[in-house]
Amino acid sequence: MNYYKEDITKYKWISRPDIQVIRYNVDLEIKQWNVPEKRNNPFFYCYWNKTPGAEIHADGKVYPVLPDHIMLIPPNLEHSPVQTAPFNHSFIHFIAFQPFDSLNSIELIPIEKNIHLFQRYESEQKTALALYSLIFSLLLQIPENHFCRRQIRDDRIYQASYLISQGCDQNLQLETLAKKLNMSVSNLCHLFKQETGVSPIHYAMERRLERALIMLADLHNSIEDIAIKTGFSNRYHFSKAFKARYGVPPVKMRNTLVAST
(Lines give C-alpha, C1' and ligand atoms only; values in the text may rest on other atoms or scores of the structure.)
Protein backbone atom coordinates (compact mmCIF):
# COMPACT_ATOMS: atom_id res chain seq x y z
CA MET A 1 0.00 0.00 0.00
CA ASN A 2 1.35 3.41 -0.94
CA TYR A 3 1.05 6.29 1.44
CA TYR A 4 1.58 9.93 0.61
CA LYS A 5 4.48 11.30 2.63
CA GLU A 6 4.82 15.03 3.03
CA ASP A 7 8.28 16.53 2.82
CA ILE A 8 8.18 18.90 5.81
CA THR A 9 11.63 20.26 4.98
CA LYS A 10 10.10 22.46 2.28
CA TYR A 11 8.09 24.41 4.85
CA LYS A 12 9.37 27.35 6.87
CA TRP A 13 8.65 27.92 10.52
CA ILE A 14 6.23 30.72 11.29
CA SER A 15 4.91 31.92 14.62
CA ARG A 16 1.69 33.81 15.39
CA PRO A 17 2.28 37.51 16.11
CA ASP A 18 1.95 38.15 19.84
CA ILE A 19 -0.70 40.87 20.09
CA GLN A 20 -3.08 41.72 22.93
CA VAL A 21 -5.73 44.46 23.06
CA ILE A 22 -5.64 46.20 26.43
CA ARG A 23 -8.68 48.44 26.00
CA TYR A 24 -10.68 50.22 23.34
CA ASN A 25 -13.65 52.52 22.81
CA VAL A 26 -15.41 54.03 19.83
CA ASP A 27 -17.52 57.10 19.18
CA LEU A 28 -16.54 58.94 22.33
CA GLU A 29 -17.61 62.57 22.42
CA ILE A 30 -14.65 64.32 24.07
CA LYS A 31 -15.35 67.74 25.54
CA GLN A 32 -12.39 67.69 27.93
CA TRP A 33 -9.54 65.27 27.13
CA ASN A 34 -8.20 64.33 30.54
CA VAL A 35 -4.87 62.78 29.63
CA PRO A 36 -1.30 63.23 30.93
CA GLU A 37 0.80 66.00 29.42
CA LYS A 38 3.42 63.43 28.41
CA ARG A 39 3.24 59.72 27.75
CA ASN A 40 5.86 57.01 27.32
CA ASN A 41 4.37 53.54 27.73
CA PRO A 42 5.30 50.06 26.42
CA PHE A 43 2.17 49.66 24.32
CA PHE A 44 0.66 51.03 21.10
CA TYR A 45 -1.90 53.83 20.87
CA CYS A 46 -4.25 53.63 17.88
CA TYR A 47 -6.38 56.74 17.28
CA TRP A 48 -9.08 57.68 14.82
CA ASN A 49 -11.19 60.82 15.20
CA LYS A 50 -14.34 61.40 13.15
CA THR A 51 -13.95 65.10 13.83
CA PRO A 52 -10.77 67.18 14.26
CA GLY A 53 -9.85 68.68 17.59
CA ALA A 54 -6.80 66.74 18.79
CA GLU A 55 -3.12 66.54 17.89
CA ILE A 56 -0.07 64.64 19.04
CA HIS A 57 3.28 66.36 19.64
CA ALA A 58 6.31 64.08 19.26
CA ASP A 59 9.90 64.37 18.02
CA GLY A 60 9.49 68.11 17.56
CA LYS A 61 6.56 67.62 15.15
CA VAL A 62 2.80 68.16 15.38
CA TYR A 63 0.53 65.34 14.12
CA PRO A 64 -3.17 66.32 13.84
CA VAL A 65 -5.58 63.42 14.46
CA LEU A 66 -7.86 63.79 11.43
CA PRO A 67 -10.84 61.86 9.97
CA ASP A 68 -8.94 60.70 6.87
CA HIS A 69 -6.34 58.57 8.66
CA ILE A 70 -5.69 56.29 11.58
CA MET A 71 -2.75 57.26 13.77
CA LEU A 72 -0.52 54.56 15.21
CA ILE A 73 1.82 55.65 18.02
CA PRO A 74 4.50 53.03 18.76
CA PRO A 75 5.46 51.92 22.27
CA ASN A 76 8.06 53.84 24.28
CA LEU A 77 7.73 56.94 22.09
CA GLU A 78 7.38 60.01 24.28
CA HIS A 79 4.50 62.13 23.05
CA SER A 80 2.10 64.81 24.26
CA PRO A 81 -1.65 64.66 23.49
CA VAL A 82 -3.14 68.14 22.95
CA GLN A 83 -6.81 69.10 22.59
CA THR A 84 -7.70 72.08 20.39
CA ALA A 85 -11.50 71.64 20.33
CA PRO A 86 -14.21 69.08 21.28
CA PHE A 87 -13.95 65.98 19.07
CA ASN A 88 -15.28 62.47 18.40
CA HIS A 89 -12.68 59.91 19.45
CA SER A 90 -12.08 56.20 18.85
CA PHE A 91 -9.04 54.38 20.23
CA ILE A 92 -7.37 51.04 20.81
CA HIS A 93 -4.48 50.43 23.18
CA PHE A 94 -2.66 47.20 22.43
CA ILE A 95 0.57 45.35 23.08
CA ALA A 96 2.54 43.92 20.16
CA PHE A 97 6.00 42.44 20.21
CA GLN A 98 8.81 41.59 17.82
CA PRO A 99 9.34 42.98 15.30
CA PHE A 100 6.47 45.45 15.63
CA ASP A 101 7.70 46.99 18.88
CA SER A 102 10.82 48.20 17.04
CA LEU A 103 8.74 50.80 15.19
CA ASN A 104 10.16 54.17 16.26
CA SER A 105 7.97 56.78 14.59
CA ILE A 106 4.28 57.70 14.32
CA GLU A 107 2.49 56.12 11.35
CA LEU A 108 -0.49 57.70 9.56
CA ILE A 109 -2.54 55.09 7.68
CA PRO A 110 -5.46 55.97 5.36
CA ILE A 111 -8.84 55.10 6.84
CA GLU A 112 -10.63 53.92 3.66
CA LYS A 113 -9.77 50.21 3.89
CA ASN A 114 -10.24 50.04 7.65
CA ILE A 115 -13.24 52.19 8.59
CA HIS A 116 -15.66 49.24 8.71
CA LEU A 117 -13.50 47.60 11.41
CA PHE A 118 -13.41 50.56 13.79
CA GLN A 119 -16.85 50.03 15.28
CA ARG A 120 -18.69 48.21 18.03
CA TYR A 121 -20.65 45.11 16.98
CA GLU A 122 -23.60 43.51 18.74
CA SER A 123 -21.53 40.58 20.02
CA GLU A 124 -18.20 40.69 21.84
CA GLN A 125 -16.86 37.99 19.52
CA LYS A 126 -17.44 40.04 16.36
CA THR A 127 -16.09 43.16 18.04
CA ALA A 128 -12.92 41.28 19.03
CA LEU A 129 -12.53 39.91 15.49
CA ALA A 130 -12.92 43.41 14.04
CA LEU A 131 -10.42 44.99 16.45
CA TYR A 132 -7.74 42.35 15.89
CA SER A 133 -8.38 42.41 12.13
CA LEU A 134 -7.88 46.17 12.22
CA ILE A 135 -4.60 45.88 14.11
CA PHE A 136 -3.25 43.23 11.73
CA SER A 137 -4.36 45.31 8.74
CA LEU A 138 -2.61 48.43 10.06
CA LEU A 139 0.64 46.63 10.82
CA LEU A 140 0.54 44.95 7.42
CA GLN A 141 0.36 48.34 5.68
CA ILE A 142 3.51 49.66 7.35
CA PRO A 143 6.64 49.21 5.18
CA GLU A 144 8.99 46.56 6.58
CA ASN A 145 11.95 48.95 6.57
CA HIS A 146 10.14 51.05 9.19
CA PHE A 147 10.79 48.27 11.67
CA CYS A 148 14.38 48.61 12.80
CA ARG A 149 14.83 45.24 14.54
CA ARG A 150 17.19 42.81 12.84
CA GLN A 151 15.43 40.09 10.81
CA ILE A 152 16.43 36.44 11.31
CA ARG A 153 17.61 34.85 8.06
CA ASP A 154 19.08 31.52 9.17
CA ASP A 155 16.28 28.90 9.28
CA ARG A 156 17.87 27.06 12.21
CA ILE A 157 18.02 30.22 14.29
CA TYR A 158 14.46 31.09 13.31
CA GLN A 159 13.41 27.65 14.56
CA ALA A 160 15.40 28.26 17.73
CA SER A 161 13.67 31.61 18.32
CA TYR A 162 10.29 29.95 17.72
CA LEU A 163 10.99 27.13 20.18
CA ILE A 164 12.26 29.59 22.79
CA SER A 165 9.12 31.74 22.41
CA GLN A 166 6.84 28.71 22.68
CA GLY A 167 8.53 27.50 25.86
CA CYS A 168 9.37 30.81 27.48
CA ASP A 169 7.55 29.78 30.68
CA GLN A 170 10.33 27.26 31.33
CA ASN A 171 14.02 27.63 32.02
CA LEU A 172 15.96 27.42 28.77
CA GLN A 173 18.12 24.31 28.41
CA LEU A 174 20.68 25.11 25.73
CA GLU A 175 21.81 21.49 25.39
CA THR A 176 18.24 20.32 24.67
CA LEU A 177 17.61 23.14 22.20
CA ALA A 178 20.89 22.54 20.36
CA LYS A 179 20.13 18.81 20.10
CA LYS A 180 16.71 19.50 18.54
CA LEU A 181 18.41 21.62 15.88
CA ASN A 182 21.34 19.21 15.31
CA MET A 183 23.81 21.89 16.39
CA SER A 184 26.46 22.18 19.04
CA VAL A 185 25.76 24.56 21.94
CA SER A 186 28.68 26.78 20.98
CA ASN A 187 27.57 26.97 17.34
CA LEU A 188 23.98 27.70 18.38
CA CYS A 189 25.02 30.51 20.73
CA HIS A 190 27.40 32.04 18.17
CA LEU A 191 24.89 32.02 15.29
CA PHE A 192 22.01 33.09 17.51
CA LYS A 193 23.81 36.23 18.67
CA GLN A 194 25.00 36.89 15.13
CA GLU A 195 21.41 36.75 13.82
CA THR A 196 19.51 38.41 16.67
CA GLY A 197 22.11 40.56 18.42
CA VAL A 198 21.52 38.84 21.77
CA SER A 199 22.27 35.48 23.39
CA PRO A 200 19.60 32.74 23.58
CA ILE A 201 19.37 33.28 27.36
CA HIS A 202 18.77 37.02 26.92
CA TYR A 203 16.25 36.36 24.15
CA ALA A 204 14.35 33.91 26.36
CA MET A 205 14.21 36.42 29.21
CA GLU A 206 12.81 39.09 26.86
CA ARG A 207 10.03 36.74 25.73
CA ARG A 208 9.17 35.80 29.33
CA LEU A 209 8.88 39.44 30.37
CA GLU A 210 6.85 40.30 27.29
CA ARG A 211 4.39 37.54 28.16
CA ALA A 212 4.25 38.89 31.70
CA LEU A 213 3.43 42.36 30.38
CA ILE A 214 0.44 40.97 28.47
CA MET A 215 -0.74 39.02 31.52
CA LEU A 216 -0.57 42.13 33.71
CA ALA A 217 -3.31 43.74 31.60
CA ASP A 218 -5.70 41.02 32.84
CA LEU A 219 -6.68 41.69 36.46
CA HIS A 220 -7.62 38.03 36.92
CA ASN A 221 -3.90 37.21 37.00
CA SER A 222 -2.23 37.86 40.34
CA ILE A 223 1.40 38.96 40.41
CA GLU A 224 2.32 35.64 42.05
CA ASP A 225 0.54 33.65 39.32
CA ILE A 226 2.23 35.67 36.57
CA ALA A 227 5.64 35.04 38.14
CA ILE A 228 5.09 31.27 38.20
CA LYS A 229 3.49 31.10 34.73
CA THR A 230 6.42 32.96 33.17
CA GLY A 231 9.04 30.70 34.71
CA PHE A 232 10.22 32.67 37.75
CA SER A 233 10.75 30.97 41.08
CA ASN A 234 8.88 33.62 43.03
CA ARG A 235 7.41 37.12 42.95
CA TYR A 236 10.63 38.77 44.16
CA HIS A 237 12.79 37.46 41.30
CA PHE A 238 10.06 38.28 38.79
CA SER A 239 9.64 41.84 40.07
CA LYS A 240 13.39 42.44 40.02
CA ALA A 241 13.73 41.24 36.41
CA PHE A 242 10.61 43.12 35.30
CA LYS A 243 11.80 46.42 36.79
CA ALA A 244 15.22 46.00 35.18
CA ARG A 245 13.48 45.61 31.78
CA TYR A 246 10.65 48.15 31.99
CA GLY A 247 11.89 50.60 34.61
CA VAL A 248 8.95 50.08 36.99
CA PRO A 249 7.77 47.16 39.15
CA PRO A 250 4.88 44.97 37.93
CA VAL A 251 2.32 46.55 40.27
CA LYS A 252 3.02 50.04 38.95
CA MET A 253 2.94 48.81 35.36
CA ARG A 254 -0.43 47.17 36.02
CA ASN A 255 -1.77 50.49 37.31
CA THR A 256 -0.55 52.15 34.11
CA LEU A 257 -2.17 49.54 31.89
CA VAL A 258 -5.48 49.66 33.72
CA ALA A 259 -5.73 53.42 34.24
CA SER A 260 -4.49 54.64 30.87
CA THR A 261 -7.08 56.24 28.54
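The values are calculated or read from the model by the stated rules, or taken from the named source; none is laboratory data. Bear in mind that the values here come from a model prediction, so they are computed numbers and not experimental data. Counting neighbours? That spans all protein chains shown, and the Cβs are built from the backbone with ideal geometry, glycine included. To get the accessible areas, we keep the full protein, side chains included, count just its heavy atoms, and leave off ligands, DNA and RNA. Shrake-Rupley method; radii C 1.70, N 1.55, O 1.52, S 1.80 Å.
Pairs linking a residue in segment 195-223 that is closer than 18 Å to residue 95 by Cα to a residue that is surrounded by fewer than 14 Cβ atoms within 10 Å (Cβ to Cβ) and aliphatic (A, V, I, L, M), with Cβ atoms under 6 Å and 6 or more positions apart or on different chains, do not occur.
Taking the criterion of being open to solvent by 30 Å² or more (accessible area, probe 1.4 Å), assigned to a helix (DSSP H, G or I) and not acidic (Asp, Glu), the residues of segment 197-213 that qualify are 201, 202, 205, 211.
Restricting segment 113-132 to residues that are modelled with pLDDT under 85 and not polar (S, T, N, Q) leaves a set whose member that is farthest from residue 46 (Cα to Cα) is 122. When restricted to residues that are more than 20 Å from residue 98 (Cα to Cα), in contact (Cβ under 8 Å) with a residue 12 or more places away in the chain and among the small types (Gly, Ala, Ser), segment 232-261 contains 2. All conditions in (1) surrounded by 13 or more Cβ atoms within 10 Å (Cβ to Cβ); (2) under 24 Å from residue 238 (Cα atoms) hold for residue 171, with the sole exception of (1). Quick check on segment 111-120. Is at least one of its residues aromatic (Phe, Trp, Tyr) and either free of Cβ contacts under 8 Å to residues at least 12 places away in the same chain or not in a loop (DSSP other than H, G, I, E, B) (or both)? The answer is no; no qualifying residue exists.
Any idea how many residues of segment 121-168 are in a loop (DSSP other than H, G, I, E, B), in contact (Cβ under 8 Å) with a residue 40 or more places away in the chain, open to solvent by 20 Å² or more (accessible area, probe 1.4 Å) and out of contact with any helix residue (DSSP H, G or I) (no Cβ under 6 Å at 6 or more places or on another chain)? Of the residues in that region, 3 qualify. Counting only helices (runs of 4 or more DSSP H) that sit completely within segment 220-261, those holding 2 or more residues that are of a type in the set (S, T, N, Q) correspond to 250-259. Each residue in segment 80-100 was checked for being in contact with a Cys (Cβ under 8 Å, 6 or more places away or on another chain) and surrounded by fewer than 17 Cβ atoms within 10 Å (Cβ to Cβ), and 0 of them qualify.
Taking every residue in segment 79-106 that is more than 16 Å from residue 145 (Cβ to Cβ) and pairing it with any residue that is among the polar types (S, T, N, Q) and open to solvent by less than 20 Å² (accessible area, probe 1.4 Å), at least 6 positions away or on another chain, the pairs with Cβ-Cβ distances below 8 Å are 87/49; 88/49; 89/49; 90/49; 93/260.
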